[in-house]
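Undergrad: My questions will all concern the structure given below.
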Amino acid sequence: MGSKTGQKAEESLDLFSGFIKLHVLHHASEHSVYGLWLIEELADHGYRVSPGTLYPLLHSLEKSQLLKSDNQLHGGKIRRCYTITAVGRRHLKKAKLQLLELMSEILTKEEVERLNASLTPTT
Ligand SMILES: [Zn+2]
């Protein structure tokens, strides 16, 4: 049953795929983004996402009209670049409010204080 080896990773992807989508929408709202850049950016935040996972996710966001894409030429290579749409911006704004609401529900006061302390720059 070798086909089941990826199951655990898939399950955690299920839980975090919403976070990954929000992360992608956030960056696509600031500048146009492409697959490899997103994979590296997400890795910096502790999400190990393979191209086999990211590209279908980008396609589904585009199909839902939250992202739009075009081909751009970079150093002789064609690169598929994604930017947020007006619909995507509305969804992102709404998702931020939902995220805040969720955080205020699932995090205790102590957890919020601890997170705040760890996010405060020490310099
Ligand atoms: Zn980021």
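Undergrad: Which helices (runs of 4 or more DSSP H) sit wholly inside segment 40-123 and have at least 1 residues that are loosely packed, with under 13 Cβ neighbours inside 10 Å and modelled with pLDDT of 95 or more?
TA: Hits in segment 40-123: 51-63, 86-106.
Undergrad: Taking the condition touching a residue at least 40 places away in the same chain (Cβ under 8 Å), of a type outside the set (S, T, N, Q) and out of contact with any Leu (no Cβ under 6 Å at 6 or more places or on another chain), does L115 pass?
TA: No; evaluated as a whole, the condition is false for this residue.
Undergrad: Hey, can you tell me all the residues within segment 41-57 that are in contact (Cβ under 8 Å) with a residue 12 or more places away in the chain and either away from the ligand (no atom under 16 Å from the Cβ) or in contact with a Gly (Cβ under 7 Å, 6 or more places away or on another chain) (or both)?
TA: Passing the criteria: P51, T53, L54, Y55.
Undergrad: Looking at L92 and the list (1) within 15 Å of the chain's Cα centre (by Cα); (2) over 16 Å from I20 (Cα atoms), which single condition is not satisfied?
TA: Among (1) within 15 Å of the chain's Cα centre (by Cα); (2) over 16 Å from I20 (Cα atoms), L92 violates only (2).
Undergrad: Return yes or no: is L13 at pLDDT 95 or above and surrounded by 12 or more Cβ atoms within 10 Å (Cβ to Cβ)?
TA: no
Undergrad: Do we find that S32 is modelled with pLDDT of 95 or more and closer than 24 Å to L99 by Cα in this structure?
TA: yes
Undergrad: Moving on. Kindly indicate which of K21, K8 is at pLDDT below 90 and not aliphatic (A, V, I, L, M).
TA: It is K8.
Undergrad: Do we find a residue being more than 22 Å from M103 (Cβ to Cβ), within 16 Å of the ligand (Cβ to nearest atom) and either touching a helix residue (DSSP H, G or I) at 6+ places or on another chain (Cβ under 6 Å) or not small (G, A, S) (or both) anywhere in segment 14-29?
TA: No; the residues of segment 14-29 include none that is more than 22 Å from M103 (Cβ to Cβ), within 16 Å of the ligand (Cβ to nearest atom) and either touching a helix residue (DSSP H, G or I) at 6+ places or on another chain (Cβ under 6 Å) or not small (G, A, S) (or both).
The values are calculated or read from the model by the stated rules, or taken from the named source; none is laboratory data. Note that the structure is a prediction, hence the values are computed from the model and not measured. Glycine also receives a Cβ, built like all others from the backbone with ideal geometry; neighbour counts cover every protein chain displayed.
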